[in-house]
Every structure is written in structure tokens, then in C-alpha cells.
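To keep things clear, I will list the structure first and then write my remarks on it.
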Amino acid sequence: MDLRTFLEELESAGELQRVADPVSPAFEVARRIAAQDGQPLLFESLPGFPGWRLASGYLARREHFARALGCAVPELVHRLAEAMDFPQTPPWVIDAPCQEVVETDVDLYRLPIPRYHPLDGGPYITAGVAVIRDPDYGRNLCFHRMMVRDARHFTVRVVEGRGTDTAWRKAPEGLPIAVCIGLPPHVLLAASMSPPKGVDESGIAQALGHTPLARAVTAPLEVFAEAELVLEGVLTQTLDIEGPFPDLTGTMDGQREQPVFRVDVLTHRKAPIFHALLPAGLEHKNLMGMPREPTIFAEVSKVVKCTGVAITPGGCSWLHAVVQIAKQGPEDGRLAIEAAFRGHSSLKHVVVVDIDVNPYDSADVEWAIATRVQATRDIVIYPDQPSSSLDPSARQIPGQKTRSDKIGVDATIPWGEPPEGFLRVRYQ
Ligand SMILES: Cc1cc2nc3c(=O)[nH]c(=O)nc-3n(C[C@H](O)[C@H](O)[C@H](O)COP(=O)(O)O)c2cc1C
């Protein structure tokens, strides 16, 4: 399924809101998305960008992923785990819709690239999936935010150690790169995953849904045939300032020297749809957090009976998780805490709950903490652990891994005590 078909499905279900009045990509689009976070929007009139439309928020709720993958919300974690374990080879196509229009006279200012916040370093692409090839590990997909530098160039945030970074460091002449924008949910999900090096995320995408590939026009790469827009070129060895820009946490990320992307050719569909992810919006959060749920689930399942994992939006969908277990022994809560931290090394706080508590409902989780936790018995503190660089309160030392204290809360019913006193009254 491509993005257009998915938007049609959302519309038939009454979930897509069309915005017919003119909305400028300079700040106004961001303001509208933020005001309606959680609501899929299709902006149909972008002043100064005739022929373009802009979509946002089509993955702002778990139900959207479930719809795209054809399963129920609690099954998502299993679908993702299965796709990671059993990737499939994507098919090839010759006449790719993403190449209906080919522009070699590149002018990035003709694209409706939004400006999100007045402090931003420039207009930003936030939903671009980069396809690159590593000489040792093969094809790799990775999201990269990209700041417009001039009519043909971006500066690209390339996090150290990620697939793109590893390949770029091996390419003294620059790394061929194709950035695809306007992708369906299953491709975006696959691109958000971090499988072991050498595992091609487009195989994970194909395991989740139909993902045809096509040869890029100039770059020695493959692109997503059904993407709305593709930018082909080279990630050069030139560095320039990238940022500031809002981070996943909703706080402002600063400036860094980052690689410059020279765009050589731009291809797109007719009447293209640009995809804009609001930084720190629910769509951004889901794409970051959901792919970590199966990795936590797998680790916790090695030690106890795990029945669910939720990475929660209040914890920036990165720093907090709730793990649901079917408790079978006195140490299960503590074992689950330790395993959860192994399953997602950026995790800072984890709460373990029983099967009668809904891990997706923060009020329910808080109820379990209120009624089942005694601090000296149930809280574990791990001081000074390797942690997430996204946490503004963590200890950041240049050139070293960020460090933070971590907390695990065992909010399960204490072992050995009669459970009746801990169960919720159900009115008949
Ligand atoms: C919405 C979103 C935005 C992201 N932005 C960036 C980014 O700007 N730079 C970056 O290096 N990684 C970014 N990431 C992380 C990578 O896309 C992701 O972790 C990827 O799977 C890394 O895999 P790799 O190690 O195979 O490259 C982002 C992820 C998501 C979901």
C-alpha cells in the first residue's frame, strides 16, 4: 500500500481531515499540526507551491499503525518482532511512480519544506528516509532530519555510529544517497528500526507490506518506487552548521557541524504529497518509540512471561517504558526491570505491571504505582549508567557516552500476599 491509498483508507474511515484553506509551510503548517496533534491532516493549498499537498499526523496514533498492518493494537509488537526476525526480499519495478517527474534543475526552494519554529536554523525535512549502501554491510535505511542550506544543499543530522555514519566515514569522495519522502506507514516503521548491521531494513518493510523498489535515476542505489518525492545526490565530506531544531523531547537541540548533502536530481509523482513530521509531535514519538517495544519484549521474555510493552508518550516515547508481565515468582518484577534496560539501552525509567493493568493507559499505571508500590521494597536505582543523549538532564561529556541514573519500579502485586486486597472492584 502506498501513502495515497493509506490516506484514502483513513478518509473512508472518517479519520482524515482535509484542510482546504491556504496554509503557509512557513510556521503556519507547524502551528496547525501542533494544535491538532493526533489528527491526520491533508493540507491541500500551500501558497507559493502550486500542485503540492502536504500530509501530517497519519501515524499519530497506534490505531493508524494497526490499520496499516491489518492487525489489532496489542498485536503490533508481535508483527514488528516477526518482521525483524524474518525479512523478505522486496520486488522490483521498472516504471516507478516516484519518477513520473524528473528535475535536474534542482531548486529546493520550490519544495514546500516547512519552517517549524522561529529559532530553527532553516526550513527542515523531517520525514526523509535515506537509502545508502555500505561496502561491507549493504543497503541501509535511516531517517535523517535535513536543514536547507541553499537551493541545492542540505546539512544533515547524522548520528554517530548509525548506518549512514559508518558508510559515510568509508567514502572519502562522498557517499551516494537517495532520500525518499511521502512513504507509507510500514516503510517508515522499518526505517525507524535498528536491526544488527548488515540487516537491510527494506526487507523488514517488505515483511510488513508490499514495498516495490526501483533503480535511482543517477545514484547507484534503489529507491522506494511508490515514494512521493526522492532527492538523489551525494553526502559530501564538507561539513557545515546544522541546527538549532526541536528534539524529540520538545526541548531545543543546538548547533553542530554536520555533513552537507548535494542534491543532483529530484524526482516526484504528479500532484505530489509532501510529508511533514512535527518534531516532538505524536507521529514523531510513535516512530521513535514503537520499534523499541519488540526489542524490550524479546529481552523480558527471556526471563519472565512478558505479555505487553508500551513506550509511553509522556516519557518522550524514548525514555520511559511500561512492561506488563504474568507474574510467576517473587523475583519476576526485578528480573523484568533488568531485562527491559537491556532491551533498550536509552531507557531511563521502567515500570512493571501485572496483567490487570493497561500499559497504554498512564492513569492505570499510576494507579498500580499508588496501590502496589513500597519504595524501599519495589524501587531499584541504578546510578551513573550509559544512557540517552536526548535527555537534557543527563550528564553529557564531549566525546564520551552520555550517562544518567536509572530507576525501575516494580508495581506488581507483592508475591506471597493475598491478591484480593490488590484487585480493583468491578461494579456489576
Ligand atoms: C522520526 C525519526 C527521526 C530520526 N532522525 C534522525 C536523524 O536526524 N539523524 C539520525 O542519525 N538518526 C535519526 N533517527 C534514527 C534512525 O532513523 C534510526 O534509529 C535508524 O533505524 C538507525 O538505524 P541504522 O543504525 O541501521 O542506520 C530518527 C528516527 C526517527 C524515527
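Listed values, structure above:
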| item | result |
| --- | --- |
| Span from the the stretch 1-64 Cα centroid across to the the stretch 172-225 one, whole angstrom | 23 Å |
| Average Cα contact separation per residue, the chain, under 8 Å, 6 or more apart, as relative contact order % | 14 percent |
| Degrees between helix 76-85 axis and first principal axis of the chain (Cα, 0 to 90, nearest 10) | 70 degrees |
| Helix-derived mean residue ellipticity, 222 nm - over the chain, DSSP H n ≥ 4, -39500 (n - 2.57), to 500 | -6500 deg cm²/dmol |
| Within the stretch 291-422: Cβ-based charge dipole about Cα centre, in debye rounded to nearest 20 (Lys, Arg +1; Asp, Glu -1) | 620 debye |
| Angle in degrees between helix 362-372 and the longest Cα principal axis of the chain, rounded to the nearest 10 | 20 degrees |
| Ellipsoid semi-axes in whole angstrom, largest first, where each is sqrt(5λ) of the Cα gyration tensor of the stretch 328-428 | 31, 14, 11 |
| J(HN,Hα) series, the stretch 253-266, from Karplus relation 6.51 cos²θ - 1.76 cosθ + 1.60, nearest Hz, glycine and proline x | 8, x, 9, 9, 7, 9, x, 9, 9, 8, 8, 9, 8, 10 |
| Total formal charge among the other residues, if their Cβ is under 11 angstrom from that of residue 310, Lys/Arg +1 and Asp/Glu -1 | -1 |
| List 193, 252, 84, ordered by accessible area with a 1.4 Å probe, largest first | 252, 84, 193 |
| Accessible surface, per residue, of the chain when the full set of protein chains is kept, probe 1.4 Å, Å² | 42 Å² |
| With every protein chain in place, the stretch 291-422: carbon and sulfur % of accessible area (1.4 Å) | 56 percent |
| Whole-number Å³ per residue for the convex hull built on Cα positions in the chain | 148 Å³ |
| Inter-probe distance in nm under a simple model that places probes 7 Å from Cα toward Cβ, at residue 361 and residue 110 | 5.3 nm |
| Between helix 292-301 and the chain: long-axis angle, C-alpha atoms, 0 to 90°, nearest 10 | 30 degrees |
| Positive-end residue, the stretch 3-286 charge dipole about Cα centroid, Cβ charges, pick of 273, 33, 81 | 33 |
| Net charge dipole size for the stretch 3-286 [Lys, Arg +1 and Asp, Glu -1 on Cβ; Debye, nearest 20] | 200 debye |
| Charge dipole magnitude, Cβ of K and R +1, D and E -1 - the stretch 1-151, Cα centre, debye nearest 20 | 400 debye |
| Carbon and sulfur %, accessible surface of the stretch 56-131 computed with the full protein complex present, 1.4 Å | 53 percent |
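The values are calculated or read from the model by the stated rules, or taken from the named source; none is laboratory data. Since the structure is predicted, the reported quantities are computational estimates derived from the model, not experimental observations. As a convention, Cβ positions derive from the backbone with ideal geometry for all residues, glycine included, and neighbour counts pool all protein chains shown. For the accessible areas, the whole protein counts, side chains as well, though only heavy atoms, and no ligand, DNA or RNA atoms are used. Shrake-Rupley method; radii C 1.70, N 1.55, O 1.52, S 1.80 Å.
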